[in-house]
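In what follows, a structure is listed as structure tokens, so that the remarks can point back to it.
The values are calculated or read from the model by the stated rules, or taken from the named source; none is laboratory data. All values reported here derive from a predicted model rather than from experimental measurement. Here Cβ is always computed from backbone atoms with ideal geometry, including for glycine, and neighbour counts include all displayed protein chains.
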Amino acid sequence: MLRGSRPIFPSSKTCSVCLNRVGSLPLDVRSWQCSNCQTKHDRESINPVASLDTKETLLLALDFGGTKHAAAMLLAGETQWQAYRRALSPHPAHATTDLQLMRSLIQQLLPDRQPHAIGVSFGGPVNAAIGEVRLSHHVPGWENFPLGTLLSEEFGVPVSVDNDANAAALGEHRFGAGQGYDSLLYITISTGVGGGWILQGQPWRGAEGMAGEIGHMVVDPAGALCLCGKRGCLERLASGPYIAQQVREILQAAPSRGQGICDRVKGNLDAITAQIVSQAAEQGDDLAREVLETAGWALGVGIGNVANLINPQRFVLGGGVTQAGKPFWDTVRRVARETALPEVHFEIVPAALGEEAPLWGAVALANDRMGLPG
């Protein structure tokens, strides 16, 4: 845990036979014995599912976002939250304050109860095998942070951690637009562009957990410079902030264009957002339509190339930019189809879970950590 911090919840282990809870164990202890029924357990056999009534198995789902956090709980097998809380990160944010905020949300959800397992979605690269956060691109203090270990010790229950794109893919696969499909790529097009894979019905993270970074696929080698240092990345052409930036740059060079956009922001170019561009496009603004056409083209090229390479059944698209309207979707589907081989078949569909997709993915992570069905 963070130095100087004190967990709200005591560490504990739960006996799988009598469900008696015992105190936390030293890290060098490899087995333990229940003081109530004398059953012996390996250290890792925390809350095994074999002796639990799954109808009484309480799962806690956590979503550490870049600017907002959410926590929810439900019983295993349910598809409705028993309780849900969310809050914006304080500014300036830090790993310490993020954890304090999340602990507060958890205490609101579980003032006198303890979960049997925890699933965590984190907005940044994660080593899912050991539950370690590699870093956050938005919040300092998360570098090489053992989040899974901290939560497991603090609650005394099994914990599974993954990045938000992988979690969202898993959420859509189990509970949303990917149900019934064995292979899909979930793509979020919002502040950035990222993705998460489901292959053969399971998350696929790649050799180092970096699979799915479709946002940094180069679709225009002569294109504008991306934040990552390469030119013509999909994210540079299709993400929300870059859509707004492209419009601003065009208006600065050609002030007579984009009257519908300028009217909405009363001439303040800094107030332009992708949402405003989308609204202007719906009202027929030519500049807005042009920039969204470019974004849809870039996304379509990326999807078509990925379809040729991996041949998934579905592409599930989420994030704020996907609300840009029918012309955007038509462009994405047309260009993807033109880019892919004729023999490669796939569907492109909107996500069903919205911004809760990572949180539902955290439910699936907790389910899997417990060995529960679904």
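Taking the stretch 331-354 as the search range and keeping residues that are in contact (Cβ under 8 Å) with a residue 24 or more places away in the chain and either within 14 Å of residue 294 (Cα to Cα) or acidic (Asp, Glu) (or both), which one is surrounded by the most Cβ atoms within 10 Å (Cβ to Cβ)? So the residue we want is 332. Here residue 282 does not qualify as free of Cβ contacts under 8 Å to residues at least 12 places away in the same chain, farther than 17 Å from residue 344 by Cβ, in the same structural domain as residue 335 (by TED's automatic domain parsing) and more than 25 Å from the chain's Cα centre (by Cα). May I ask you to verify whether residue 194 is assigned to a strand (DSSP E or B) and closer than 14 Å to residue 239 by Cβ? It is true that residue 194 is assigned to a strand (DSSP E or B) and closer than 14 Å to residue 239 by Cβ. Could you list, in sequence order, all residues of the stretch 130-156 that are more than 17 Å from the chain's Cα centre (by Cα) and part of a loop (DSSP other than H, G, I, E, B)? Across the stretch 130-156, the qualifying residues are 130, 140, 141, 143, 144, 146, 156.
When the residues of the stretch 67-92 are filtered to those that are surrounded by fewer than 19 Cβ atoms within 10 Å (Cβ to Cβ) and aliphatic (A, V, I, L, M), the one that is farthest from residue 154 (Cα to Cα) is 88.
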